[in-house]
Structures are given as structure tokens and as C-alpha cells.
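S.K.: Pasting a structure here, questions to come.
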Amino acid sequence: MSELAQPTGTPAAWPDTYGDEAKERMGFFTDTSICIGCKACEVACKEWNLVPEDGLVWTGESYDNTSTLGANSWRHVAFVEQNEPLHAPVEGEEPVDALRWLMSSDVCKHCTHAACLDVCPTGSLFRTEYGTVVVQEDICNGCGYCVPACPFGVLDKRHIPRHSGDPPAEILGLQLGKKEDGRVWKCTLCYDRLKGGHEPACAKACPTDSIQFGPLDELRERAGRRLEKLQGENWNGACLYGNDPADGVGGFGAFFLLLDEPEVYGLPPDPVVTTAQLPQMWRTAAIATGAVVAGVVAGFLGGSR
Amino acid sequence: MSVTDVGGEMRSYYGRPVIKEPVWKKEIPWYFFTGGLGGASSVLSLAARVLGHELLAQRSIQIASAADAVSPPLLIADLGRPERFLNMLRVFKVTSPMSVGSWILAYSSAASSVSAFLNTIGRLPRVADLARTASAFSGAPLAVYTATLISDTAIPVWHEARQELPFLFGASAVASAGAAAAIAVPVAEAAPARRLAVGGVLVENVVFKAMERRLGMLGEPYSKAEAGKYKKVAVGCTLGGAALIAGPGRGSRLAAAVGGALVLAGEVAVRFSVFKAGFQSARDPKYTVEPQRARSSGQPAGRSRTRPGSADASV
């Protein structure tokens, strides 16, 4: 059984079913301690993957006008302003009135146990030879099941915003393939670039190497060393998020070094893949099914009144 | 100061949701209703046929086939790419309740429509009975699987209710089938249908209450905003309708019909209440974060963190 074997007992799609074509499991390590909030990752992702615009708004939430991951935002840089020191206060010293600015580039986690992939009824979502999770857009029929299944709110159905100054729908349609898309979209970990031997666009564009791409095993080791270093330097709140293969989704293929609790960045503190409990849910359904039959039969007891 | 510290308790990213709201539209709760009505009516029809209630059996299979017939169009209309609906039958995945359900619905609606058609024209009685048995076999799963479908999501108010929702949906389906048959069959022959309508309504209301009680804080969305309004309508209509059916409905066809219509309206409202509660629970990050935080408070799963010097400086 590989690391990617499903909790429901079905065989792992990677690397088992790929045989000789299986590649090393690739992923991201996003070290938010060196993120400078330049959003080059967001732009590079949009450029390379032809991701359409997702609305032009000013949120007033620090420098973040992207707000969340979605069909049209596959990287999202979060900005958090805090009255907290970057380094934890040392005992005996006067606490300083400090300000820190947390920035973090969020992305699809490419979970080891991916709920989106489990629940997809068409097989559109699949596990690639690199162990990543990708939507096949020629198969997706827009049923939307993966959207609430994802414990991180990564996937969404694509809606293309319109503005008064936009070119006519026919021209937009030519540019984007279709007027209204109707399918779900998310980060592919640049599957096409990986096939060509290149790193994903966001990692390539990141000027500080906050986004690091590579074999997942290597990244986990590197992240462990980085965490030790930051702890040695007394950084306030440094923690790894999603690096543990024993967590509720079997570890992330794209994990993070954060400087505060995950929920401060809009991330769930303890995500689980709900299909892990599906065998139990099917059993409950079977009992309820029996109850329906028994109930109907019971309705015939007791004559004609 | 950032919004993340407001309240001093739960922290969030500008109050934004952690998970996405579903993208499903009103066709889906309508389908929960029609699937439940169709599935339970198939079972009712077979039971009636076996126990010698011919008229009830015939009317029930007609109701089942009608409900089964409108179900696929409802689901297809909700797809982002309706022309690709056949992709649902491209694979069979037990890890996807929607995949399992698509196959159940395809099989069940084919069987119930064959049986209803043959019953109505009075031909090939053996084939009609065989098809009726086939559709009854899948009827109860059809009535219940939609609860499993929504339970297998990250929506707290659905996933955490996974023990109760199949029973809620099952009872609601039985009540719907009973109520519809009580309308369609003369009073003298509708006794089993009346009992199903009344019994289903009672069980469903008890399960709903018990579910909310067990969920505690997580169950709040069921009684708030839109979901709460639908629930009030559901409780009023189902209990009122059941009282009419159980009382005057035993003697008067009109009372039975009005009571049946009320129960059916109430069952639609039940599905909408559960549906809307899911959206409301996704929208507020506290329903996602607080239970996870409580679960992981002792030994944080998936994280190895330290916060040297201060346990929780900003809180």
C-alpha cells in the first residue's frame, strides 16, 4: 500500500496504476516567512494557465483584493496586519509595541486523500503520475459536488465577470472558449509544465523562493530544517501546516510554513477528508433503507381504518 | 487592528468563509423531494401489490414513475454543462455518492416507468410486476442516498449530521409517498397510505429535533434565516396535514386531499430547510473552525507548531 492508498480501501491511483510511468510525487513548500506579498505568483499563474479575470474590486482588507481561491484564482496571497512582534518576547525584556505583516500565498493542497477526487462522479478529477490532483476540463460536467467537498474551499464553478466596457460576448467567448463556462477549475500544479520538465509558473516567478517546488520528500526535509532555524531565532508562531502524513487528509502535496494559526490565514485548523467516514455513512444509509422498507410494510398492519 | 482578532475568541481571515458554499441551485432540493417521493412510492406500490391492495399499488407506481421522470431533468438542469449529463454514467465510484446515486436513479426510473406504463395500459402484467419489483428494490436507496451525498461534504451542518440525515430523508420520503397516495386513492382504500403519511411525519419531526439537539452549536443554521423559515413552514404543514389525514381524512376524501397536499408541501420545505442550512453553515467560518479547533486542541493534527515565549499572544 502506498502513501496514497485511499482510507476507504480502494487502491491508490498513484503510483500503483501508473506502473513504469509513475513519477516522483511533486509538490510545493510555501515558506510564508519570506513572502513579500508581490503577487507575482498570482500573475504568473493567470498568464500561464489563461485564467480569466475574477472581478476588479477594492476590499479594504490590507493589500488583498483577490480574497480567496476559486475557479479564477489558483494562487491567492493573504495579507494579515497584526499588533504582534515578529520575534517572541524574551523573558525579562520590556514587551515592544510591534507590528507585523503576514503574507502567505495559498494554493490547492493536492491532498494525499483528496475529497474532490473521491466524490467526482464523472472521473473528471484524477491523480496524475506526479501524485497531483487535476480536473480534466473536457470531462467535467459542472455537477459541483467537489465544491463543498473540499475542506479548503479551493474549487469553484467558473463564472466570468462582465463589465460595461467589455468586448461583446461573442468575442469574450472566442477568448475564453465559451460564454459562461459552467465547469470547475483549480490549480493543476502546472501539469503541462511538469510534463515538459519545467517548474510551475508560480514557483518560477517567485522572487524570494517563498514558493518552492520539488519532490515532496525533499521539500518536507527542507521545511523541517527551516522550521528548526526559525525556532532557533525565536520567530513568533512559526509552524508547519500540512506536512504531516498522519493528518486528516494524509498530508498536503502543497504545504506551508506559517507564522500564526491556520485560521488567521483563512485555512482550516484540522481539515479531514470526509470520504474517510463514507463506509460508516453507507452503513447508516443501509440501515435507513431497511427502516424505510420496514416502515412501509408496517403501514399495512392494522386493517382499513 | 486586523479583523482576525475581533471578539478575542475565534480568529478568522477578515471573517471570510474557510470552505465554499455549494453551487447547487433550487433544482437540487426539489430533486431531494421528488427522489424521495418516487423511491418510497415504488416500495409502497410493491407492498400494496403483494398484500392485495390493487388500486393503491397501481396509483403508487404511477406516482413513482412521475416523480422518477421529473428527477433526471431537474438534475440535468442544475449541471454547469447539461449537454454532458451522460458523463455521470462514464464511471461507477463507490467513493462518490453522486455516482452511485446516478446509477440508482437511472435504473429506478427506467423500471418504474416500464411498470407504470404497462399497468396503465393493462398489458403484460408479469413484466409489469417484474418491473415494479425491480423499482421497489432500488426505491428505498433512492429515497435515502441523497442524505449520504450531502453528508459526504465539508459542510459542517451536513457532515456532522451524517447519523441522522438518512433517517430524516427516509421518513420524509415515506410521508411523501403516503400523502400522495392518500390524495390519489379513495378513502376506503387509503388506510395504509394514511398511516404512512402520519407515521412518516411523526418520525421525521422527532429525528429533526433530535438531530438539532445533538448538533448543539453546529445545528444553529437549521433554525436561522432562510433555513429557519423553511423549517417553521415544514413543521406547521407536516403536523397540520398529518392531523387532517389522521382525523377527518379517514371519512372525507376532501380532507384527505387537503391534508395530503399540506404534508407534501411540508416535505418540500424540509428539503429546502436542510439545503439552505448547508449554505448558511458554509458561509460562517465559526462552524468550520471552532469544531476543528476543539478537536485538535489537545494534539494538533497535521501541524507541528511552537510559539516560543507566549502561548497565545494575540488572543
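S.K.: Which of the residues belonging to segment A:9-32 are among the small types (G, A, S) and at pLDDT below 90? Quick ask: steps written out before the conclusion?
M.R.: Applying the first criterion (among the small types (G, A, S)) to segment A:9-32 yields A:9, A:12-13, A:19, A:22, A:27.
Within segment A:9-32, A:G9, A:A12, A:A13, A:G19 meet the criteria.
S.K.: Residue by residue through segment A:68-90, note down the ones that are under 30 Å from A:N234 (Cα atoms) and within 7 Å of chain B (Cβ to nearest Cβ). Full working, then the answer.
M.R.: Applying the first criterion (under 30 Å from A:N234 (Cα atoms)) to segment A:68-90 yields A:75-90.
Selection gives A:A78, A:V80, A:E81, A:Q82, A:N83, A:E84, A:A88, A:P89, A:V90.
S.K.: Among the listed residues B:S109, B:S115, B:S41, B:S45, which satisfies the condition of being buried (at least 22 other Cβ atoms within 10 Å of the Cβ), polar (S, T, N, Q), more than 9 Å from chain A (Cβ to nearest Cβ) and farther than 21 Å from B:V185 by Cα? So that I can check it myself, show each step before the final result.
M.R.: Details: B:S115 fails: farther than 21 Å from B:V185 by Cα; B:S41 fails: farther than 21 Å from B:V185 by Cα; B:S45 fails: farther than 21 Å from B:V185 by Cα.
Checking each option against the conditions leaves just B:S109.
S.K.: Sticking with this structure for a sec: Counting only residues that are within 36 Å of the chain's Cα centre (by Cα), among the hydrophobic types (A, V, I, L, M, F, W, C) and either closer than 26 Å to A:H113 by Cβ or at pLDDT below 65 (or both), how many does segment B:272-315 have?
M.R.: 5
Results for (1) part of a loop (DSSP other than H, G, I, E, B); (2) farther than 24 Å from B:P17 by Cβ, shown as yes or no for each residue.
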site	(1), (2)
A:V77	no, no
A:E84	yes, yes
A:H110	yes, no
A:V147	no, no
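S.K.: How many of the residues in segment A:198-211 are surrounded by 14 or more Cβ atoms within 10 Å (Cβ to Cβ) and part of a loop (DSSP other than H, G, I, E, B)? Working first, answer last.
M.R.: First, pick out the residues of segment A:198-211 that are surrounded by 14 or more Cβ atoms within 10 Å (Cβ to Cβ): A:198-206, A:210-211.
Filter once more, keeping what is part of a loop (DSSP other than H, G, I, E, B): A:198-200, A:206, A:210.
Residues in segment A:198-211 being surrounded by 14 or more Cβ atoms within 10 Å (Cβ to Cβ) and part of a loop (DSSP other than H, G, I, E, B): 5 in total.
S.K.: Here is a further query. Is it fair to say A:K195 is at pLDDT 95 or above, surrounded by 19 or more Cβ atoms within 10 Å (Cβ to Cβ) and among the charged types (D, E, K, R)? Let's see the steps before the verdict.
M.R.: On the way: at pLDDT 95 or above: yes; surrounded by 19 or more Cβ atoms within 10 Å (Cβ to Cβ): no; among the charged types (D, E, K, R): yes.
Taking the combined requirement at face value, the residue does not satisfy it.
S.K.: Considering each of B:F92, B:F85 in turn, give the residue that is at the interface with chain A (Cβ under 8 Å from one of its Cβ atoms), touching a helix residue (DSSP H, G or I) at 6+ places or on another chain (Cβ under 7 Å) and surrounded by fewer than 21 Cβ atoms within 10 Å (Cβ to Cβ). Explain how you work it out, then say what you get.
M.R.: Working: B:F92 fails: at the interface with chain A (Cβ under 8 Å from one of its Cβ atoms).
Within the list B:F92, B:F85, the selection yields B:F85.
S.K.: While we're on this one: Only one of B:I76, B:I19 is without any contact (Cβ under 8 Å) to a residue 12 or more places away in the chain and at the interface with another protein chain (Cβ under 10 Å from one of its Cβ atoms); which? Before you say what the answer is, go through the steps one by one.
M.R.: Values: B:I19 fails: without any contact (Cβ under 8 Å) to a residue 12 or more places away in the chain.
Just a single option satisfies the conditions, and that option is B:I76.
S.K.: I'd like to know if segment A:41-61 contains one or more residues that are part of a loop (DSSP other than H, G, I, E, B), at pLDDT 95 or above and either hydroxyl-bearing (S, T, Y) or within 24 Å of A:A223 (Cα to Cα) (or both). First the steps, then the outcome.
M.R.: Filtering segment A:41-61 for residues part of a loop (DSSP other than H, G, I, E, B) gives A:50-60.
Right, trim to at pLDDT 95 or above and you get none.
No: segment A:41-61 contains no residue that is part of a loop (DSSP other than H, G, I, E, B), at pLDDT 95 or above and either hydroxyl-bearing (S, T, Y) or within 24 Å of A:A223 (Cα to Cα) (or both).
S.K.: Let me ask another. With (1) buried (at least 24 other Cβ atoms within 10 Å of the Cβ); (2) away from chain B (no Cβ under 11 Å); (3) outside any loop (DSSP other than H, G, I, E, B) as the list, and A:G131 as the residue in question, which single condition is left unmet?
M.R.: (3)
S.K.: Got a sec? Which of A:E53, A:E21, A:E93, A:E47 is acidic (D, E) and under 26 Å from A:L258 (Cα atoms)? Write out each step before concluding.
M.R.: Working: A:E53 fails: under 26 Å from A:L258 (Cα atoms); A:E21 fails: under 26 Å from A:L258 (Cα atoms); A:E47 fails: under 26 Å from A:L258 (Cα atoms).
Going through A:E53, A:E21, A:E93, A:E47 in turn, just one is acidic (D, E) and under 26 Å from A:L258 (Cα atoms): A:E93.
S.K.: So, one more: Quick one: is B:L56 farther than 14 Å from B:Y31 by Cα, surrounded by 18 or more Cβ atoms within 10 Å (Cβ to Cβ) and in contact with a Pro (Cβ under 7 Å, 6 or more places away or on another chain)? Spell out how you get there, then give the answer.
M.R.: On the way: farther than 14 Å from B:Y31 by Cα: yes; surrounded by 18 or more Cβ atoms within 10 Å (Cβ to Cβ): yes; in contact with a Pro (Cβ under 7 Å, 6 or more places away or on another chain): yes.
Answer is yes for this residue.
S.K.: Under 6 Å between Cβ atoms, which residue pairs at least 6 apart in sequence (or on different chains) link something in segment B:195-217 that is under 16 Å from B:A243 (Cα atoms) with a partner that is at pLDDT 95 or above and surrounded by fewer than 20 Cβ atoms within 10 Å (Cβ to Cβ)?
M.R.: Here the result reads B:V198/B:A246, each pair linking segment B:195-217 to a residue that is at pLDDT 95 or above and surrounded by fewer than 20 Cβ atoms within 10 Å (Cβ to Cβ).
S.K.: Something else now. Applying the selection to segment B:197-224, what residues are within 19 Å of B:G170 (Cα to Cα) and of a type in the set (S, T, N, Q)?
M.R.: Of everything in segment B:197-224, just one residue is within 19 Å of B:G170 (Cα to Cα) and of a type in the set (S, T, N, Q), namely B:N205.
S.K.: Further question on the same structure: Determine which member of the set B:L56, B:L51 is over 18 Å from the mean Cα position of the chain (by Cα) and more than 8 Å from every other protein chain (Cβ to nearest Cβ). Explain how you work it out, then say what you get.
M.R.: Details: B:L51 fails: more than 8 Å from every other protein chain (Cβ to nearest Cβ).
Selected residue: B:L56, the only one of B:L56, B:L51 that is over 18 Å from the mean Cα position of the chain (by Cα) and more than 8 Å from every other protein chain (Cβ to nearest Cβ).
S.K.: While we're here: For the subset of segment A:272-304 comprising residues that are at the interface with chain B (Cβ under 7 Å from one of its Cβ atoms) and in contact (Cβ under 8 Å) with a residue 40 or more places away in the chain, which member is nearest to B:G178 (Cα to Cα)?
M.R.: A:L278
S.K.: Would you confirm whether any residue within segment A:257-272 is at positive phi, crowded, with 24+ Cβ neighbours inside 10 Å and not aliphatic (A, V, I, L, M)? Reasoning before the result, please.
M.R.: Narrowing segment A:257-272 to residues at positive phi: A:266.
Next, from what is left, pick out any that are crowded, with 24+ Cβ neighbours inside 10 Å: A:266.
Still in the running and not aliphatic (A, V, I, L, M): A:266.
Within segment A:257-272, one or more residues are at positive phi, crowded, with 24+ Cβ neighbours inside 10 Å and not aliphatic (A, V, I, L, M).
Here is a yes/no grid of residues against (1) more than 11 Å from the chain's Cα centre (by Cα); (2) modelled with pLDDT of 95 or more; (3) surrounded by fewer than 24 Cβ atoms within 10 Å (Cβ to Cβ); (4) of a type outside the set (A, V, I, L, M):
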residue: A:C108; (1), (2), (3), (4): no, yes, no, yes
residue: A:C111; (1), (2), (3), (4): no, yes, no, yes
residue: A:S124; (1), (2), (3), (4): yes, yes, no, yes
residue: A:P151; (1), (2), (3), (4): no, yes, no, yes
residue: A:V154; (1), (2), (3), (4): no, yes, no, no
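S.K.: OK, next. In segment A:112-128, what residues are part of a helix (DSSP H, G or I) and either among the acidic types (D, E) or more than 8 Å from chain B (Cβ to nearest Cβ) (or both)?
M.R.: Narrowing segment A:112-128 to residues part of a helix (DSSP H, G or I): A:115-119.
Matches in segment A:112-128: A:C116, A:L117, A:D118.
S.K.: Looking at segment A:181-211, which of its residues are within 14 Å of the chain's Cα centre (by Cα) and of a type in the set (D, E, K, R)?
M.R.: A:K186
S.K.: B:V91 versus (1) in contact (Cβ under 8 Å) with a residue 60 or more places away in the chain; (2) part of a loop (DSSP other than H, G, I, E, B); (3) aliphatic (A, V, I, L, M): which is the lone unmet condition?
M.R.: It fails just one condition, (1).
S.K.: When B:G7 is evaluated against the numbered criteria (1) more than 30 Å from A:G290 (Cα to Cα); (2) modelled with pLDDT of 95 or more; (3) more than 7 Å from every other protein chain (Cβ to nearest Cβ), which criterion, by number, is the only one it fails?
M.R.: (2)
S.K.: Could you look through segment A:212-252, keep only residues that are within 19 Å of the chain's Cα centre (by Cα), among the small types (G, A, S) and outside any strand (DSSP E or B), and pick out the one that is surrounded by the fewest Cβ atoms within 10 Å (Cβ to Cβ)?
M.R.: The extreme case among them is A:A246.
S.K.: Still on this structure: Give segment A:242-270 a look and list any residue that's touching a Lys or Arg at 6+ places or on another chain (Cβ under 8 Å) and at the interface with chain B (Cβ under 7 Å from one of its Cβ atoms), or say none.
M.R.: Within segment A:242-270, A:G242, A:D244, A:D247, A:E261, A:E263, A:V264, A:G266, A:P269, A:D270 qualify.
S.K.: May I ask you to list pairs of residues, at least six apart or on different chains, whose Cβ atoms are under 9 Å apart, with the first in segment B:177-194 being within 7 Å of chain A (Cβ to nearest Cβ) and the second being in a loop (DSSP other than H, G, I, E, B) and charged (D, E, K, R)?
M.R.: B:A191/A:R305
S.K.: So A:E93 clears everything in (1) part of a loop (DSSP other than H, G, I, E, B); (2) touching a residue at least 12 places away in the same chain (Cβ under 8 Å); (3) charged (D, E, K, R) except one condition, right? Which one?
M.R.: (2)
S.K.: Go through segment B:221-247 and give me each residue that's among the acidic types (D, E) and outside any helix (DSSP H, G or I).
M.R.: Here is the first cut: in segment B:221-247, the residues among the acidic types (D, E) are B:226.
Hits for segment B:221-247: nothing passes.
S.K.: Considering segment B:97-128 alone, what residues qualify as being part of a loop (DSSP other than H, G, I, E, B) and hydrophobic (A, V, I, L, M, F, W, C)? Can you show your working first?
M.R.: Within segment B:97-128, the first condition is being part of a loop (DSSP other than H, G, I, E, B), and the residues that meet it are B:122-124.
Correct list: B:L124 only.
The values are calculated or read from the model by the stated rules, or taken from the named source; none is laboratory data. What you see is a predicted model; the values in this text were computed from it and never measured. Glycine gets a Cβ as well: all are built from the backbone with ideal geometry, and neighbour counts include every protein chain shown.
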